[in-house]
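The values are calculated or read from the model by the stated rules, or taken from the named source; none is laboratory data. Predicted model, so just to flag it, every value in this text is computed and none were measured. As a convention, Cβ positions derive from the backbone with ideal geometry for all residues, glycine included, and neighbour counts pool all protein chains shown. Remember, those area values only see protein heavy atoms, side chains included, never the ligands or the DNA or RNA. Shrake-Rupley method; radii C 1.70, N 1.55, O 1.52, S 1.80 Å.
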Amino acid sequence: MTDAIPKGGLPISQVACVVRDIDQAMERYHRALGWGPWNVYEHVAPSLHHTHYKGQDVEYSMIGAEVDTGTIVFELIQPLDGPSIYQDWLDEHGEGLHHLAVMRHTPEESDALKAYYAELGATPLMGGRIGETIEFYYLDTEPMLKMIVESGSGHAIDLVPVRQYP
């Protein structure tokens, strides 16, 4: 194994779905599974910056809603503007499970994981920064794992939600 993968494997920090309407989706998940409260975040410039998509610097934005289910964080993502793998997924597959996250704690751990996956042929599909402390990227792991893996570094606890549901 490599130093990029901790003993016991990479822990899952989040599972995410892409949706067309975040408010309707939060209501559905709350009614069906009892999950809440949801913290809703607007990921737009200037807080969302240094964004890239398929190797090109591009601007995009999204709304994210996160809920602690007791065992894992579940996220809903609604793309807003610009090209993104979220919009690609909606266009190709419709709403549903999109990725799982294996976030790292430090920039060094994040860089090591990115280099490890690059050696395996899984380069970043999309990524960016949120604020000053969070880097995120999505790896092209679908050919290898039949799913997309997100990683990066930073502390989401620094984010302030714009609202909660319910």
> Is there any pair with a first residue in the range 144-166 that is farther than 28 Å from residue 31 by Cβ and a second that is of a type in the set (Lys, Arg) whose Cβ atoms are under 9 Å apart and which are 6 or more apart or on different chains, and what are they?
Replying inline: 151/104; 151/114; 152/104; 152/114; 152/129; 153/104; 154/129
> Going through the range 5-21 one residue at a time, which ones are under 22 Å from residue 147 (Cα atoms), open to solvent by less than 60 Å² (accessible area, probe 1.4 Å) and without any contact (Cβ under 8 Å) to a residue 60 or more places away in the chain?
Replying inline: 6, 9
> Quick one: how many residues across the range 70-82 are open to solvent by less than 60 Å² (accessible area, probe 1.4 Å) and either free of Cβ contacts under 8 Å to residues at least 12 places away in the same chain or more than 20 Å from residue 13 (Cβ to Cβ) (or both)?
Replying inline: 3
>> Given the criteria modelled with pLDDT of 95 or more, within 24 Å of residue 111 (Cα to Cα) and among the hydroxyl-bearing types (Ser, Thr, Tyr), does residue 29 qualify?
In response: no
> Of all residues in the range 59-68, which are closer than 18 Å to residue 15 by Cα and open to solvent by 40 Å² or more (accessible area, probe 1.4 Å)?
Replying inline: 66, 68
> What are the residues in the range 46-58 that are assigned to a loop (DSSP other than H, G, I, E, B) and surrounded by 15 or more Cβ atoms within 10 Å (Cβ to Cβ), if any?
Replying inline: 47
> Restricting attention to the range 85-100, which residues are open to solvent by less than 40 Å² (accessible area, probe 1.4 Å) and within 13 Å of residue 150 (Cβ to Cβ)?
Replying inline: 85, 86, 98, 99, 100
> Do we have residue 41 as outside any loop (DSSP other than H, G, I, E, B) and open to solvent by less than 40 Å² (accessible area, probe 1.4 Å) here?
Replying inline: yes
>> With open to solvent by 20 Å² or more (accessible area, probe 1.4 Å), within 11 Å of the chain's Cα centre (by Cα) and among the hydrophobic types (A, V, I, L, M, F, W, C) as the only criterion, which of 144, 103, 126 stands out?
In response: 103
>> When you check residue 117 against the structure, is it closer than 14 Å to residue 137 by Cβ and either assigned to a helix (DSSP H, G or I) or in contact with a strand residue (DSSP E or B) (Cβ under 9 Å, 6 or more places away or on another chain) (or both), yes or no?
In response: yes
>> Among the residues of the range 36-66, what is the count of those that are under 13 Å from residue 163 (Cβ atoms) and of a type outside the set (Phe, Trp, Tyr)?
In response: 9
